[in-house]
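Here the structure is laid out as structure tokens; the discussion comes afterwards.
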Amino acid sequence: MTAYQPPRTPGAAEAVHDGPYDAVVLAGGAARRLGGADKPGLRVGGRALLDRVLTACADAGTTVVVADPRSTARPVTWAREDPPGGGPLAALDAGLRHTRAERIVVLSADLPFLDEGTVRRLLAALRTGGADGALLTDADGRDQPLVAAYRAPALRRELAALGRRHDGLTGLPLRRLTGALDLTRVPDPVASFDCDTWDDIATARARIREHGHVLDEWISAVKDELGIDLDVDTKVLLDLARDAAHGVARPAAPLTTFLVGYAAARAAGAQGGPEAVAEASRKATALALRWAEEAAAAKSEATSDARPDAG
């Protein structure tokens, strides 16, 4: 596995919307190599694997999770194959029935390093080519059909054909579907990394905490935990904390950033957003710098024993 790069907010030039899509997340597997553990609920970086995947496809028009219902960080539509445990094709067919978009992102629920950028790349590859789908390949060049974007008509056509040919989809492997589709391959050894074993879980947890990545991961985890869907300039807040600590006192750093968040929420109400946080940060930073300037001036006056004339 190559070096992990943490998720980041795209710049304006990157955030080109590739049009509407729906997402189907398969989360009902037996996790036999994990001893039957609740794999979608296992936490990496403090967040359930399923929630991490749902964050990556947060701008989908409809997100369908094929599994028994559970608590998730964002609202989803639930579906289940009949009978439960009927395999990936039966699960995909069950999820697809709840979608309307012409493009479908299909994901497994065990992808700790998947992010919005990867989903956008898959959709862009699908949009710019004439293939039926675009899927990731892993570090060994193997296809990963559960990290992919497909044209909905092609999926429905081939699933229906397989169902007729085999008297249903239960137990059929994914390769029966992908072998009938024209696919574009997008290499990505990081985003395609999935967690099938406890060693995989341990590797993912270690990578998440690598130096230089942990802050981004921590912020994402906190936003999920608090139900906040807000992208802010982290550097602005860190600079504010530094200025408050240096210009006032160290305990002022966390208190000031809290007050900035509170002020932004009150100022903007239901319309709160990055702009409100940025404006509150600007005001607090200016105040901290004024404090620092006064402290420096006072220290200089004390050193030179120069006192203003009170008379």
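Nonpolar atom fraction for segment 168-245, defined as the carbon and sulfur part of the 1.4 Å probe accessible area, stands at 54 percent. Mean sequence separation of contacting Cα pairs (under 8 Å, at least six apart), scaled by the length of the chain, corresponds to a relative contact order of 18 percent.
Of all DSSP-defined beta bridges confined to segment 55-171, some 75% are antiparallel rather than parallel. Counted over the chain, the DSSP beta bridges are approximately 40% antiparallel.
For residue 21, the amide hydrogen comes within under 5 Å of the amide hydrogens of 61, counting only partners 5 or more places away or on other chains and with H modelled in the peptide plane.
Between 0 and 90 degrees, the angle of helix 116-128 with respect to the longest Cα principal axis of the chain falls at about 50 degrees.
Between the Cα long axis of helix 252-268 and the first principal axis of the chain there is an angle of about 70°, rounded to the nearest 10.
With each run of n ≥ 4 DSSP H residues scored as -39500 (n - 2.57), what mean residue ellipticity at 222 nm is computed for the chain after dividing by its residue count and rounding to the nearest 500 deg cm²/dmol?
Working: 10 runs with 135 residues, N = 311.
The helix-only estimate for the chain comes to -14000 deg cm²/dmol at 222 nm.
The values are calculated or read from the model by the stated rules, or taken from the named source; none is laboratory data. Note that the structure is a prediction, hence the values are computed from the model and not measured. These area figures cover heavy atoms from the full protein model, side chains too; ligands, DNA and RNA do not enter into them. Shrake-Rupley method; radii C 1.70, N 1.55, O 1.52, S 1.80 Å.
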